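Since the structure comes first, as structure tokens, the remarks are kept for the end.
The values are calculated or read from the model by the stated rules, or taken from the named source; none is laboratory data. Please read these numbers as outputs of a predicted model, since none were measured by experiment. All Cβ positions, glycine included, derive from the backbone under ideal geometry; neighbour counts span all protein chains shown.
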Amino acid sequence: MARVFLNVSNNVSRIYRDSLFVTTAIVLIGIAASPAAAQSATDASATALEPIVIQGGAASDSKADRTSVAAKNSSAATKINTPLVETPRSVSVTTEKEIEQRGAQSIIEAVRYSAGVTTGPNGFDPRFDQIFIRGFNITTVGDYRDSLRQPYINYGMFRTDPYQLQRVEVIKGPVSVLYGSGSPGGLVNKISKLPTEEPIHEVGISYSTKDRAQAMFDFGGPISEGNDDFLYRIVGLARHGDNNFDIADDRYFLAPSFTWKPDEGTSFTLYGLAQSDETDANVGAITTVDGKILDIRQSDPDYDYQKVKQQQIGYQFEHEFDNGLTFRQNLRYSHLDLRARYLGVSSWTGTVAHRNASSIRDEMNVFQVDNQLEAKFDTGPLAHTMLFGLDYTNLQSNWGYGIGAVNSAFDFDIANPTYGVSGATPAYDFIVADADMRQVGVYALDQIEAGNWRFNLGGRQTWVNQTRDTTYPSFGLNDSEDVNKNAFSWQAGALYLFDNGIAPFVSYATSFDPVTNRSASGKILEPTEG
């Protein structure tokens, strides 16, 4: 599949909407004309032919996601590749094709039309992807990529560009039975573009308002023609631009991957990501003493920045045994380095806002591995797909916050707003915190097929340890905490698949999320449960 596309517009969504309208009109005209054409071609001397029945397997998820907006299968809700219509959970999937058609430039835009999902409730904020599912904020606890969590512990968060993805899956409701600690609302799982047997050659550029320029490419397929044992894919993007509030929105990434298939039942995929983002740390407007919000930035675009560099490397291994067993291992190491500084209003003298500078540093290292053993077997009339899993997460983070004194060089007169200040970055030593988190989980899930009935029943035991050591150097103070929590989570579901495709289901699931908040007596609160 080779594609070259150019987009020059100040309204990307309109282009896709108009093209969809034209396509729909052509299809409707064709449908309306078909009966008449068929009727004219039929006469009494026509020979009746035997019907031709074409059978074939479904296309791979990766190929289908590039050509259709309607996903057929998903593995996020059960960690078993299952038709969506046979899954007793509420799952929404945004395919690569739909992302392209809607011109989604962020994860927020990719999931915005999913039922039960609310995005950006606090307004525009380019620093984070704010997502709520069924009213629960999953921004910091429900961000997953390739079924491994992209965790948050202090301030920095891993960001994902939709051009890196084959699809985005939204699982609604508690999913602790498979993923451990999390929100009752659910999670967002982002599936990366990985090597395919189908050749891919795509290059694109776009240009829009505020000098937002972007170039991207996607190449992949067999390394040598006619040999599907060795596959590759490399995806890249470069973007430079601002928005209407003069806030930077720059991104550069490179995501290579390689797949080796030594035999029919074995595959090993090695992948990596190097990404650099730059936006602003304080994107808010000035609020005057009397509470009036002005259309003026509180910080200064020449001083303000939030720079994030993130790297990921991992692999996905799968081997099918002859006895109906399949072993899978998903492993990833991630690193994040964030540096930010910004100006904030400290006090007022008439129309002059006196500002001081603040700074943030956050470094995070994450190691994760998920081991799965899948078994298929029958017990009488029941067909079982049994999944056993053991996963482990180790997160280490070092965070620092700095604050500077009010500086007249940062004064800002709202009666004559002028930007362009410069100055030093405060040292990251007002507050310093080291935080670690370790999670171990053992889980099992049985997916049962009995005629038109589908059942699943699963359980998981999770152990979580969180430590934090916070220092206030200016005051000579130190605060430490060590929290150990464990919980059992379970889920059960039943679905009946009617012959006409309707599939009503019932489902019950539980969740838990450890918290480090303390009661009035100083005791660590129990985990929240849902």
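Can you spot a residue in the stretch 319-331 that is in a strand (DSSP E or B), under 18 Å from the mean Cα position of the chain (by Cα) and surrounded by fewer than 20 Cβ atoms within 10 Å (Cβ to Cβ)? Yes: one or more hits. For the stretch 180-237, filtering for residues that are within 19 Å of residue 110 (Cα to Cα), in a loop (DSSP other than H, G, I, E, B) and out of contact with any helix residue (DSSP H, G or I) (no Cβ under 8 Å at 6 or more places or on another chain) leaves 1. Only residues that are surrounded by 13 or more Cβ atoms within 10 Å (Cβ to Cβ) and without any contact (Cβ under 8 Å) to a residue 12 or more places away in the chain were counted in the stretch 413-431, giving 0. Name every residue in the stretch 479-503 that is among the aliphatic types (A, V, I, L, M), more than 26 Å from the chain's Cα centre (by Cα) and farther than 14 Å from residue 455 by Cα, in order of residue number. Across the stretch 479-503, the qualifying residues are 483, 502.
Has the stretch 378-401 got at least one residue that is surrounded by 19 or more Cβ atoms within 10 Å (Cβ to Cβ), in contact (Cβ under 8 Å) with a residue 12 or more places away in the chain and of a type in the set (Asp, Glu)? Yes, some residue in the stretch 378-401 is surrounded by 19 or more Cβ atoms within 10 Å (Cβ to Cβ), in contact (Cβ under 8 Å) with a residue 12 or more places away in the chain and of a type in the set (Asp, Glu).
Scanning the stretch 204-222 for residues that are surrounded by fewer than 15 Cβ atoms within 10 Å (Cβ to Cβ) and either of a type outside the set (Gly, Ala, Ser) or under 19 Å from the mean Cα position of the chain (by Cα) (or both) returns 209, 210, 211.
Among the residues of the stretch 402-412, write down those that are in a strand (DSSP E or B) and crowded, with 20+ Cβ neighbours inside 10 Å.
The answer is 412, and nothing else.
Taking the stretch 119-152, which residues are among the β-branched types (Val, Ile, Thr) and over 29 Å from residue 301 (Cα atoms)? Even if it seems obvious, please write down each step before you answer.
Taking the stretch 119-152 as the starting set, the residues that turn out to be among the β-branched types (Val, Ile, Thr) are 119, 131, 133, 138-141.
Scanning the stretch 119-152 gives 133, 138, 141.
Taking the residues in the stretch 277-309 that are of a type in the set (Lys, Arg) and assigned to a strand (DSSP E or B) as candidates, determine which candidate is surrounded by the most Cβ atoms within 10 Å (Cβ to Cβ). The qualifying residue surrounded by the most Cβ atoms within 10 Å (Cβ to Cβ) is 297.
The residues in the stretch 254-271 that are of a type in the set (Val, Ile, Thr), surrounded by fewer than 17 Cβ atoms within 10 Å (Cβ to Cβ) and either without any contact (Cβ under 8 Å) to a residue 40 or more places away in the chain or within 24 Å of residue 219 (Cβ to Cβ) (or both) can be counted, and the count is 0. The numbered conditions (1) of a type in the set (Gly, Ala, Ser); (2) at pLDDT 90 or above; (3) out of contact with any Gly (no Cβ under 6 Å at 6 or more places or on another chain) are all true for residue 511 except (3).
Could we say that residue 258 is within 30 Å of residue 100 (Cα to Cα), outside any strand (DSSP E or B) and out of contact with any Gly (no Cβ under 6 Å at 6 or more places or on another chain) here? So residue 258 fails the test. Kindly check whether there is at least one residue in the stretch 250-266 that is in contact with a His (Cβ under 8 Å, 6 or more places away or on another chain) and of a type in the set (S, T, N, Q). Yes - at least one qualifying residue is present in the stretch 250-266.
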